[in-house]
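As structure tokens, the structure follows; a few thoughts come after it.
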Amino acid sequence: MKHKTAIIIGASSGIGREIVRILASQGTIVAAVARRKPMLDELVAEFPGKVLAFEHDVLNTDEVPELFLEITKQLGGLDLFVYNSGVMPEVESSEFDFQKDMDMVNVNMVGAIAWCNQAANRFQHTKHGCLVGIGSVAGDRGRQLQPVYNASKAFLHSYMESMRNRLCRYGVIVSTIKPGPVDTDLAKHMKMKKMSARQAAEICVTKFHKNGEHYLAFFHRFAFYIIKRIPSPIFRKLKL
Amino acid sequence: MSSVDLSVDRLDRISGFGQAEYADAFVYRPTTVEEIHAVFETARKSGRKVTLRGAGRSYGDANTGAENLVLDITRMNRILSWDAATGIVDCEAGVTIENLWRHCLEDGWWPPVVTGTMYPTLGGLLAMNVHGKNNYCQGTFGEHILDIDVAYSDGKFETLKASDSRFFEVISSAGLLGVITRAKLQMHHVASGNLKVLAEAAHNWDEEFALFEHYENDADYMVSWVECFGRGAKAGRGQFHAAWYPDRVDLQSRKPESQDLPPLLMGFFPKSMMWKVLKWFCNRPGMRFVNWAKWMASSTIGNHKIHEQPLVAFSFLLDYVPDWRRAYEPGGFIQYQSFVPKEHAKRVFAEQVRLQQEYRLESYLGVLKRHRRDKFLLTHAVDGYSLALDFKVTKRNRARLWELAHKINDLVLKAGGRFYFAKDSTLRPEDAATYLGEALTQFKEVKRQVDPEGLLTSDLAERIEIVD
């Protein structure tokens, strides 16, 4: 499915950056929104006329309504909205750092609400569009290592599900994508087998127009089907 | 002057009647001239542009403006005065043809020019300066207007009469110079609510054109259906209709209840369901069959028939099947109408139909009409003929359909032909520049004077680059 116009929040690196590249190469006019302007400028240079760069920190939620209007005006419409911003600072297993946790809450949750509400409200009126939240397999279960990250992604999944149930009657598609470990800045401290950002983005793009929650690999779908069903008394004894 | 809000509640997804292209826009439905000026003020403050829209009956993108403020005049729909002695009616621009005939026909007056549907607004009719099946003898809609009120984007407001040169610039300008808010119209006197209609089968292009030439000095209306699947000796076959206003006074036939189309087809099938049946046939083999069946009926039982038909039934063929455009969903359709001088018309239209067949993209409906010149600035009319075609749009055929349309554009331009904003979806900037010629330069100059900030635009205007 080809989208004419798209907004990607968190477009300067990782999966978001690759999503911009893929969509722009398919002919979509993409608004790339992120904090790091020089990295957005590289995308603009790579796809002149197809990528529009907007410097924005998702912590500045006050800017969102006006910026959203400006972006949609410049795009000439909106067919696809992807909230991809996310942070996951390294947290030790015995650490309870309030500041790190608040960063995750603000970027992964508050920023998502600020932007997705705008997109959802618009789509409800225009009666078309795809609203996409990039969640994580981490949101499927409360694990020991990243309590607030897990909770923030669980929030996103639940929030997107509510959006889906609200907006389906208006013909709007709401897609939640749950990547596993991906080789990006976010997961650079994680030592495990990772999918490349390009590969993850390529799979993500195929899921944008499908309502529901989507894993990027069959293995994840299978593994998390089981993990979600492990009884709590057993799960807390595991090192997952 | 106060401005109005730019709220998401105003956002709507709109399209032309063909539904082949959509745009999201902030829609405003003002009821007064002051509210119109307030919309311009909001556009100015928000750095956006304004697109004018009536009933949304232009087929392509003339009435849409992505992310613009769309000024929809359908709520300005009051008939301000009506003189049954002179047939002069003064209306707000949101009044539709249907409102007009329902109001005036009982007194013996009918709109002098009508489109194939009764739902367009006066504002839309004048923006496009539409024609009807009597264009060759009655000219365009604008030729029957006594005066209009126009609200400009800079806050000015003026009344234009047919003696003003600007009158001929604003009418036909596709809503790009100013908002027509009121129009005074001279209606046409009719003794009866019926027409005397003659149906004749035409077996090929030669016969089609011969019938038009035979009846053009006599008939009040002429139109011909053209079957676009016919090849070789059968190419151009169709059914010609000529119609005359009867002289006999018939008060009963002028009542709206005598004109209203029945809700059932053949006495039992609800018309509201008909589009669902049409949808089954809305493909190449299906339409080949429908066209063949219509031709068989036209050339046998329907041939050489003279019958009386209500004005509404003859004039508004497109309203016979409610929601008929839904048969073309999900991709919609485009209407393609080109106007070719009479000396080249037969050759150009024959070549158009041959090209469609070569591309295997035959029009599901072809309508041939006779036209005359007029003096409106961005006019579409020529002393010649037009062929209107309906093409279904799908994801798969879209690129090829546009390629075909561009080839036909070239044919038409080479023959000195013209195009019609109300029906266009495929013109390129160079095509518009070629056929408009000097008129385009003059139009841009007028636009700089009356809309100095360039607030008025539309997706069509941006596509064919007639606004700076």
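What follows draws every value from the coordinates through simple rules; no lab data is involved. What you see is a predicted model, and the numbers here were worked out from it, not measured in a lab. Using ideal geometry, Cβ is built from the backbone for each residue, glycine included, and neighbour counts are taken over all protein chains shown.
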Quiz prompt | Subset of segment B:43-85 [within 13 Å of chain A (Cβ to nearest Cβ) and more than 16 Å from residue B:176 (Cα to Cα)] | solution = B:45, B:46, B:47, B:67
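Examine segment A:119-134 for a residue that is of a type in the set (Gly, Ala, Ser) and without any contact (Cβ under 8 Å) to a residue 24 or more places away in the chain, and state whether such a residue exists.
Checking segment A:119-134: not a single residue is of a type in the set (Gly, Ala, Ser) and without any contact (Cβ under 8 Å) to a residue 24 or more places away in the chain.
Confirm whether residue B:67 is in a helix (DSSP H, G or I), of a type outside the set (Gly, Ala, Ser) and within 27 Å of residue B:452 (Cβ to Cβ).
Answer is no for this residue.
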Practice problem: Determine if segment B:412-420 includes at least one residue that is of a type outside the set (D, E, K, R), touching a residue at least 60 places away in the same chain (Cβ under 8 Å), farther than 29 Å from residue B:37 by Cα and in a helix (DSSP H, G or I). | Solution: yes
Practice problem: Within segment B:1-27, track down each residue that is within 14 Å of chain A (Cβ to nearest Cβ) and either part of a strand (DSSP E or B) or farther than 29 Å from residue A:171 by Cα (or both). | Solution: B:11, B:12, B:13, B:14, B:15, B:22, B:23, B:24, B:25, B:26, B:27
Practice problem: Tell me, please, whether a residue that is surrounded by fewer than 24 Cβ atoms within 10 Å (Cβ to Cβ), farther than 30 Å from residue B:168 by Cβ and within 17 Å of the chain's Cα centre (by Cα) can be found in segment B:348-365. | Solution: yes
Quiz item: Which of the residues that make up segment B:28-64 are aliphatic (A, V, I, L, M), in a loop (DSSP other than H, G, I, E, B) and either touching a Leu at 6+ places or on another chain (Cβ under 9 Å) or surrounded by fewer than 20 Cβ atoms within 10 Å (Cβ to Cβ) (or both)?
Solution: B:62
Quiz item: Do we have residue A:204 as in contact with a Leu (Cβ under 6 Å, 6 or more places away or on another chain) and either of a type in the set (Ser, Thr, Tyr) or crowded, with 20+ Cβ neighbours inside 10 Å (or both) here?
Solution: no
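Here's the yes/no breakdown for (1) under 15 Å from residue B:186 (Cα atoms); (2) among the basic types (Lys, Arg); (3) buried (at least 18 other Cβ atoms within 10 Å of the Cβ); (4) out of contact with any helix residue (DSSP H, G or I) (no Cβ under 6 Å at 6 or more places or on another chain):
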residue	(1), (2), (3), (4)
B:79	yes, no, no, no
B:97	yes, no, yes, yes
B:104	yes, no, yes, yes
B:107	yes, no, no, yes
Quiz item: Considering only helices (runs of 4 or more DSSP H) fully contained in segment A:1-100, which possess at least 2 residues that are away from chain B (no Cβ under 14 Å)?
Solution: A:14-25, A:37-46
Exercise. Return the residue satisfying two criteria in turn: it lies in segment B:42-94 and is among the acidic types (Asp, Glu) and more than 21 Å from residue B:182 (Cα to Cα), and of such residues it is farthest from the chain's Cα centre (by Cα).
Key: B:67
Quiz prompt | Check on residue B:67, closer than 18 Å to residue B:129 by Cα, buried (at least 19 other Cβ atoms within 10 Å of the Cβ) and among the acidic types (Asp, Glu) | solution = no
Quiz item: residue B:22 is checked against (1) over 26 Å from residue B:337 (Cα atoms); (2) touching a residue at least 40 places away in the same chain (Cβ under 8 Å) and fails just one. What number does that condition carry?
Solution: (1)
Practice problem: Could you look through segment B:185-229, keep only residues that are of a type in the set (Val, Ile, Thr) and under 11 Å from residue B:369 (Cα atoms), and pick out the one that is surrounded by the most Cβ atoms within 10 Å (Cβ to Cβ)? | Solution: B:226
Quiz item: Out of all the residues in segment B:423-463, which are farther than 26 Å from residue B:398 by Cα, assigned to a helix (DSSP H, G or I) and free of Cβ contacts under 8 Å to residues at least 24 places away in the same chain?
Solution: B:438, B:441, B:445, B:448, B:449
Quiz prompt | Considering residues of segment B:25-62 that are without any contact (Cβ under 8 Å) to a residue 60 or more places away in the chain and hydroxyl-bearing (Ser, Thr, Tyr) only, the residue farthest from residue A:78 (Cα to Cα) | solution = B:32
Quiz item: Can you name the residue in segment A:105-132 that is of a type in the set (A, V, I, L, M) and in a strand (DSSP E or B) and, of all such residues, is nearest to the other protein chains (Cβ to nearest Cβ)?
Solution: A:131
